[in-house]
1. Looking only at segment 58-104, count how many residues are within 17 Å of ALA214 (Cβ to Cβ), in contact with a strand residue (DSSP E or B) (Cβ under 9 Å, 6 or more places away or on another chain) and exposed (fewer than 15 other Cβ atoms within 10 Å of the Cβ).
2. For segment 150-170, enumerate the residues that are surrounded by 15 or more Cβ atoms within 10 Å (Cβ to Cβ) and either closer than 16 Å to ARG115 by Cα or of a type in the set (Asp, Glu) (or both).
3. Look at segment 107-125 and say how many of its residues are loosely packed, with under 13 Cβ neighbours inside 10 Å and not in a loop (DSSP other than H, G, I, E, B).
4. Consider PRO61 carefully, then state whether it is in contact with a Gly (Cβ under 7 Å, 6 or more places away or on another chain) and either of a type outside the set (A, V, I, L, M) or closer than 27 Å to PRO162 by Cβ (or both).
5. Which of the residues belonging to segment 1-55 are of a type in the set (S, T, N, Q) and under 22 Å from the mean Cα position of the chain (by Cα)?
6. Can you tell me which residue is farthest from ALA63 (Cα to Cα) among those in segment 126-144 that are surrounded by 17 or more Cβ atoms within 10 Å (Cβ to Cβ) and either in contact (Cβ under 8 Å) with a residue 60 or more places away in the chain or touching a helix residue (DSSP H, G or I) at 6+ places or on another chain (Cβ under 6 Å) (or both)?
7. If you scan segment 145-161, which residues turn out to be within 21 Å of GLY192 (Cβ to Cβ) and free of Cβ contacts under 8 Å to residues at least 24 places away in the same chain?
8. Under 6 Å between Cβ atoms, at least 6 apart or on separate chains: pull out the pairs that start in segment 13-36 with a residue that is at pLDDT below 85 and end on any residue that is among the small types (Gly, Ala, Ser).
Amino acid sequence: MLAAALAQRTDYAATLSLAGRTAAPAPQPVPVRSGGFGGAEGLARYLRDARIDALIDATHPYAAAISANAAQAAHAAHVPLIALRRRPWPQFPGDAWIEVETVEDAMKAVGDTARRVFLTLGRKELQPFAAAPQHTYLIRSVDPVDPPLAVPHATYIAARGPFSEAEDRALLERHRIEIIVAKNSGGESTYGKIAAARRLGIPVIMLKRPALPAAESVETVDEVLAWLDHALTLSTARGV
């Protein structure tokens, strides 16, 4: 949504930077660069060399390292920074959440008794569940999980959201899911499983969000655009 909004503005020349972890990213309406910068120092160098006027941190709420690098780089390069941070999902009556700090904690919270588990974490965060091979896993990710998780019973679904409540309810019922492991990502794209779990009475082990660096932040694309207009107006007035 942010890239689409920026693409409509002829007074901006936006570049979208992707971490490069997704094999086939969704098409974007603005120029895209992919891959890391080499930490905060490398990003600061890029900001200076490319003469970037403003930096928008619109990373996933769990990409704490990237957000930290963005904050350090913006400070070092004297580039104004705004963070677009999605509001976390609130708990509603009927939600049965077990909040945990780490993926390892989530694995332990599933318990020792064999259960049918829906894992909706990143591909690179699945490994701790190899220590609990007694469970039957349903794993959904944007890209295929390669290598597969070293457990005897796992089904993989490669799919990109959004997922509706009706779709996820059908999925949970079809696979007879007994518990879900998820991140509190916020937004609407992947909320279907949370709403479906509430209706079906399925508990959710929810990975808490990591601490993010202090930065000016907003929750909507419109707020980003308003900040951007103000920040670039100030830069022009100062002759930056």
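1. 1
2. Hits for segment 150-170 are VAL151, ALA154, GLU165, GLU167, ASP168.
3. 1
4. Yes.
5. Listed by number, the residues that qualify are THR15, SER17, THR22, GLN28, SER34.
6. Going through the qualifying residues, I end up with ALA132.
7. Result: VAL145, THR155, TYR156, ILE157, ALA158, ALA159.
8. Partner pairs satisfying both residue conditions: GLY20/SER34; GLY20/GLY35.
The values are calculated or read from the model by the stated rules, or taken from the named source; none is laboratory data. Computed from a prediction, not measured in an experiment: that's the story for all the values here. As a convention, Cβ positions derive from the backbone with ideal geometry for all residues, glycine included, and neighbour counts pool all protein chains shown.
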